[in-house]
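Chemist: Just passing along the structure, written as structure tokens.
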Amino acid sequence: MPTLLNYTGDDELYSGSSLDLGRLYTIGSNVDVYYSPNKRARIAAPFIFDCKQDQKSSIEVLPDECLFEIFRRLPSAKERSSCACVSKQWLMLMSSICKAEIERSTSFDDVQMISSDEDQDIEGDGYLTRCLEGTKATDVRLAAIAVGTSGRGGLGKLSIRGSNAVRGVTNYGLFAVAHGCPYLRSLSLWNVSSIGDEGLSHIAKGCHLLEKLDLCLSSSITNKGLIAIAEGCPNLTTLNIESCSKIGNEGLQAIARFCPKLQSISIKDCPLVGDRGLSSLLSSAFELSRVKLQALNITDFSLAVIGHYGKAITNLVLCGLKNVTERGFWVMGVAQGLQKLVSFSVTSCRGVTDTSIQAMGKGCTNLKQMCIRKCCFVSDSGLIAFTKAAGSLESLQLEECNRVTQSGIIGALSNIKTKLKSLTLVKCMGIKDIDVEVSMLSGCDSLQSLSIQNCPGFGSASMAKVGKLCPQIQNVDLTGLHGITDAGLLPLLENCSAGLVNINLTGCWNLTDNIISALVRLHGATLELLNLDGCWKITDASLLAIAHNCLLLNDLDMSKCAITDAGIAVLSGARQLSLQVLSLSGCSEVSSKSVPFLTKLGETLLGLNLQGCNSIGSSTIELLMENLWRCDILA
């Protein structure tokens, strides 16, 4: 049976004449199959005769109805799987037998036989999981999986991604799953155009315990299929629909009527979904806690419904809602219905303005995480007003909000001085170095994580001011800040009283050995991760300072730095260091002479990156791989 359960080979099963069941075993406890015993031939001399016989075995002449009755009386799942391996015809016939149609044996011996075949390959959540991708996704394979797992409760999770171009999955494949896997909890169909409403109807009739449905690029599925799921699967809790051009309001209305346990919905790029279907769903699903709406033709009305009826919503993601105006976001905030909202992410929505985000800040009193991406109408005044109203905010992320300047960032930090733990700025081109007096502003003592990535205008002056306002920072990511110099980073390092733990300086090419020496001298006792990728002014002097001062460092990235074999030698001599990850990618001055030192470091290393180290030969790399067999080496 495990052969069928884990069937991953070609779909061409045995196509010859069917096996004679009489030669295999007794079928059931009371039914025997008779066959004539072989007799010794009474021929004394060679006898020439025609061997060709046009006679089928006795089992092959039986119609499918008789075979069905035989198969459903087999005593255990092992015998049913063995028969399914005989031919494709038998496999397909076996897959059409529902669990309720199998006649259960009551004899003690058969019960012991079934118990001994129980599956041991069960996933952590108690259900078997199978994922078919590309050419492996065929009806034959699905039927084999359904039959092979039927004796063990069937699949709990099934994912089909893509389909075989010649023998792809069709509605019959889901028919087999529906019959053999009545306990299916999760079904995911991605880019399977050959499955339509009929396939979903089979699932709805046979898998009433379905909890999660994920449909992506399912061009043949319409409202009819979604309605069938709604009527047959009342336990549905999660619904994800993406790029399904034929699913619209009627399907969502059916979900609203028949699926009261719905907790999470994600709908993306479905042109037929509008206010009517979405408002019905949002106003009826009282347990709905996670909502994601992207690239839909909805208006202010849908957001007003969210604001009034989303009393259980904790996570809300809105993206690319071009028809929603400022009024829609404003009403959603002032409606006071999103009292449980904890995380809110909005991307590319023109309706997000200073006025609307201020209303959101006032209306969502428990909001802890706010992410605003590509919202071009948000400026300093709106950001400051929002942070002043959102008293519970712990995490703020701004990405490509080009009207936000240094003044807005500093004002926001002053407003959330006791709660904010994380601030992330990505590609905010409006931030420039300007003279702002920070001595009159109160600091943000709660901030622990600061990430400023690819903001070219954020220079040393801005960094110095942020450093003075945030003394408790432990994690810093300054990726791509080319304008940062030693003088700008030093105030941040000197004001961090809590001790830095992780610092990423990728692409900060104006930094020198002086600031790295100051960094490890001030924070070497707490530093665990240091990334200097692309800091080409960093030399062996920094490695010397790291070797002398760092006690807990386990992840070091020196890619494309100006280090040599001498620096690696110094690093390997640091007895207190226990590096687990070391990256030297693009360090052209590191040669084969470093092999003894890398071998010594390899006593604790789990990962070593030597890509682009052209001075290290291939034979040397092979020797390292042999000696450091526990370490994952990239070269």
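Chemist: Determine which member of the set V581, V570 is of a type in the set (V, I, T) and out of contact with any helix residue (DSSP H, G or I) (no Cβ under 7 Å at 6 or more places or on another chain).
Modeler: V581
Chemist: If you don't mind, another one. So which pairs qualify, if the first residue must be in the stretch 583-600 and under 13 Å from V570 (Cβ atoms), the second must be in a helix (DSSP H, G or I) and open to solvent by 20 Å² or more (accessible area, probe 1.4 Å), the Cβ gap must be under 6 Å, and the two must be at least 6 apart or on different chains?
Modeler: Short answer, once both residue conditions are applied: S594/D565; F597/A569.
Chemist: Sticking with this one: When residues of the stretch 197-210 are filtered for being open to solvent by 10 Å² or more (accessible area, probe 1.4 Å) and either modelled with pLDDT of 95 or more or farther than 18 Å from K157 by Cα (or both), how many remain?
Modeler: Going through the stretch 197-210 one residue at a time, the tally reaches 3.
Chemist: Out of the stretch 255-277, which residues are touching a strand residue (DSSP E or B) at 6+ places or on another chain (Cβ under 8 Å) and of a type in the set (G, A, S)?
Modeler: S264, S266
Chemist: So, F286, is that one open to solvent by 30 Å² or more (accessible area, probe 1.4 Å), within 24 Å of C216 (Cβ to Cβ) and among the aromatic types (F, W, Y) or not?
Modeler: For F286, the condition - open to solvent by 30 Å² or more (accessible area, probe 1.4 Å), within 24 Å of C216 (Cβ to Cβ) and among the aromatic types (F, W, Y) - is not met.
Chemist: Further, regarding this structure: Can you tell me which residue is surrounded by the fewest Cβ atoms within 10 Å (Cβ to Cβ) among those in the stretch 111-148 that are among the polar types (S, T, N, Q) and at pLDDT below 70?
Modeler: Here is the first cut: in the stretch 111-148, the ones among the polar types (S, T, N, Q) are 112, 115-116, 120, 129, 135, 138.
Filter once more, keeping what is at pLDDT below 70: 112, 115-116, 120.
On the way: Q112: 10, S115: 9, S116: 9, Q120: 6.
My answer is Q120.
Chemist: Report the residue count in the stretch 244-275 for those that are among the acidic types (D, E) and either outside any helix (DSSP H, G or I) or surrounded by fewer than 19 Cβ atoms within 10 Å (Cβ to Cβ) (or both).
Modeler: The qualifying residues number 2.
Chemist: Just give me the residues in the stretch 170-194 being within 24 Å of the chain's Cα centre (by Cα) and open to solvent by less than 10 Å² (accessible area, probe 1.4 Å), in sequence order.
Modeler: Matches in the stretch 170-194: L184, L187, L189, V192.
Chemist: Shifting gears a bit: Would you please name the residue that is nearest to the chain's Cα centre (by Cα), looking only at residues in the stretch 316-330 that are surrounded by 21 or more Cβ atoms within 10 Å (Cβ to Cβ) and part of a helix (DSSP H, G or I)?
Modeler: F329
Chemist: So which of T299, T365 ends up being open to solvent by 30 Å² or more (accessible area, probe 1.4 Å) and at pLDDT 95 or above?
Modeler: T299
Chemist: A further question on this structure: Anything in the stretch 333-355 that is of a type outside the set (S, T, Y) and either touching a Ser or Thr at 6+ places or on another chain (Cβ under 8 Å) or open to solvent by 40 Å² or more (accessible area, probe 1.4 Å) (or both)? List them, or say none.
Modeler: G333, V334, Q336, Q339, K340, L341, V342, R350, G351, D354
Chemist: Okay, moving on. Restricting attention to the stretch 211-231, which residues are in contact with a helix residue (DSSP H, G or I) (Cβ under 8 Å, 6 or more places away or on another chain), open to solvent by 40 Å² or more (accessible area, probe 1.4 Å) and polar (S, T, N, Q)?
Modeler: Scanning the stretch 211-231 gives a single hit, S220.
The values are calculated or read from the model by the stated rules, or taken from the named source; none is laboratory data. All of these numbers come straight from a predicted model, not from anything done at the bench. Cβ sites come from the backbone with ideal geometry, for glycine too, and all protein chains shown count toward neighbours. Please note that ligands, DNA and RNA were not included when accessible areas were found on the heavy atoms of the full protein model with its side chains. Shrake-Rupley method; radii C 1.70, N 1.55, O 1.52, S 1.80 Å.
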